[in-house]
Amino acid sequence: MKLGTKLIHAGVSPDPSTGAIMTPIFQTSTYVQSAPGQHKGYEYARTQNPTRDALQSALAAIENGKYGISFGSGLAATDAIMKLLNPGDEVIASNDLYGGTYRIFTKVFERYGIKFQFIGMQEAENIRSYITPKTKLIWIETPTNPLLNIIDIAASAKIAQEHNILLCVDNTFASPYLQNPLDLGAHIVVHSATKYLGGHSDVVHGAVIVKDDALAQQLYFIQNSCGAVPGPQDCFLVLRGLKTLHVRMQRHCENGAAVAQFLRQHPKVDKVYWCGFEDHPNHHIAKQQMKSFGGMISFTLKDDSQEAAFKVLSGTHLFSLAESLGGVESLIGHPASMTHASIPREDRVANGLVDSLIRLSVGIEDVEDLIADLQKAIG
Ligand SMILES: Cc1ncc(COP(=O)(O)O)c(C=O)c1O
């Protein structure tokens, strides 16, 4: 089955009691048993919920995995993956990551004795020199947030497999429409489903998808034992969002390409970060592992003062100044003071995330209006 069909049909079937075509929101905390231990497969809603089950099956299908595991947020999903590790274990992570991921790694899990190395991974081979006998996990985002670097998933997976290390790919920026990391050898895919999967800026949700039976059992155990489960209404909203992912993503990509080209030829714009440009350092890898290049773009102005960037950030009308991304509406953000403020400034700047960087999540409005909005704000 192809992705568009899976997005609409996977995991869902008409409700047997009414024929409702949409999976009902099972807003219940518990399920009645006919005798002690005799039930219909559902005991208590932290452990199982039918709305969540439908979503988890859909998530597994669209990432070409076997198991989907849902969480109350993307970071709750990350938290669950980190709980696969033990004190003393080491993680190699890319040095361009969502700020909240960096924060949970350094401020929460370092306290539990897990060691993190943040390294440049544009050359996947670079990973090798950081591997020690204690390395248990490689963590990548691609495209990265916010610099849109591309990391070679297949090459990273090969290194991980050679050393018996897990590879986790945060696929939030690409979505399963653009790439399927499990097909390229990754062991774990994680999503902030708050973004493209939900797609309408109305829900916070996280997802983990795996193929391996034992890994799935461990993750379901952590989901139930630690309890960061999503509510059924949120599962319903993500399920509904999935049904249009392919149509939305196609438009995000078209609009993203047009906005990136517009910015690149603008005399006041300095650098434009978008993996669709042929001279992007890893464009050839993006072309191999992605279907298209997405709607996330970052840029700087020739006037590199924070004041000039702030003028643009508060000068748009259709691009709303807000954190988050991946919704139908366009957003503009300032990573240094918003999404990535939790990364120390010297680390941020060393990796290229300067104070004047502006990030766009290009929505699915009419692109002429979006370009006119940016033109007005940039001047
Ligand atoms: C790439 C990426 N991963 C993970 C997260 C965390 O997800 P959530 O906000 O749903 O907890 C975000 C949030 O912005 C993100 O951009």
*Could you please find all residues in region 112-145 being farther than 18 Å from PHE173 by Cβ and buried (at least 24 other Cβ atoms within 10 Å of the Cβ)?*
ILE127
*With respect to GLY352, determine if the residue is within 16 Å of the ligand (Cβ to nearest atom), surrounded by 15 or more Cβ atoms within 10 Å (Cβ to Cβ), at positive phi and not assigned by TED's automatic domain parsing to the domain that holds GLY198.*
no
*For THR300, state whether it is outside any helix (DSSP H, G or I) and under 19 Å from the mean Cα position of the chain (by Cα).*
no
*asked:* Yes or no: region 356-367 includes at least one residue that is at pLDDT below 95, surrounded by 16 or more Cβ atoms within 10 Å (Cβ to Cβ) and touching an Asp or Glu at 6+ places or on another chain (Cβ under 6 Å).
replied: yes
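Within region 82-95, take every residue that is within 16 Å of the ligand (Cβ to nearest atom) and not in a helix (DSSP H, G or I) and give me the one that is surrounded by the fewest Cβ atoms within 10 Å (Cβ to Cβ).
Of all residues in region 82-95, those within 16 Å of the ligand (Cβ to nearest atom) come to 82-83, 91, 93-95.
Next, only the ones that are not in a helix (DSSP H, G or I) stay: 83, 91, 93-95.
Working: LYS83: 17, VAL91: 23, ALA93: 22, SER94: 24, ASN95: 21.
Here the residue is LYS83.
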*Taking the options GLY88, GLY65, name whichever one is at positive phi and at pLDDT 95 or above.*
GLY88
*Sole residue being crowded, with 24+ Cβ neighbours inside 10 Å, on the phi > 0 side of the Ramachandran plot and of a type outside the set (Lys, Arg), chosen from LEU242, LEU197, LEU148*: LEU148
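Give, as residue ranges, the strands (runs of 3 or more DSSP E) completely inside region 96-209 that count at least 2 residues that are within 11 Å of the ligand (Cβ to nearest atom).
Filter on region 96-209 gives 135-141, 166-170, 188-192.
Yes or no, residue by residue, for (1) in contact with a Lys or Arg (Cβ under 8 Å, 6 or more places away or on another chain); (2) closer than 19 Å to VAL229 by Cβ:
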site	(1), (2)
PRO16	no, no
MET22	yes, no
GLN27	no, yes
HIS39	no, yes
GLN48	no, yes
SER57	no, yes
ALA60	yes, yes
TYR67	yes, yes
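For every residue, the table says whether it meets (1) under 30 Å from LYS243 (Cβ atoms); (2) in contact with a helix residue (DSSP H, G or I) (Cβ under 9 Å, 6 or more places away or on another chain).
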| site | (1), (2) |
| --- | --- |
| GLN265 | no, no |
| ILE297 | yes, yes |
| THR300 | no, yes |
| ALA336 | no, yes |
| VAL349 | no, no |
| VAL354 | no, yes |
| ILE364 | yes, yes |
*Kindly list the number of the only condition in (1) more than 24 Å from ILE92 (Cα to Cα); (2) free of Cβ contacts under 8 Å to residues at least 40 places away in the same chain that fails for HIS200.*
(2)
*Would you mind telling me which numbered condition in (1) crowded, with 18+ Cβ neighbours inside 10 Å; (2) closer than 25 Å to TYR102 by Cβ; (3) touching a strand residue (DSSP E or B) at 6+ places or on another chain (Cβ under 6 Å) LEU263 fails?*
(2)
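The values are calculated or read from the model by the stated rules, or taken from the named source; none is laboratory data. Please read these numbers as outputs of a predicted model, since none were measured by experiment. All Cβ positions, glycine included, derive from the backbone under ideal geometry; neighbour counts span all protein chains shown.
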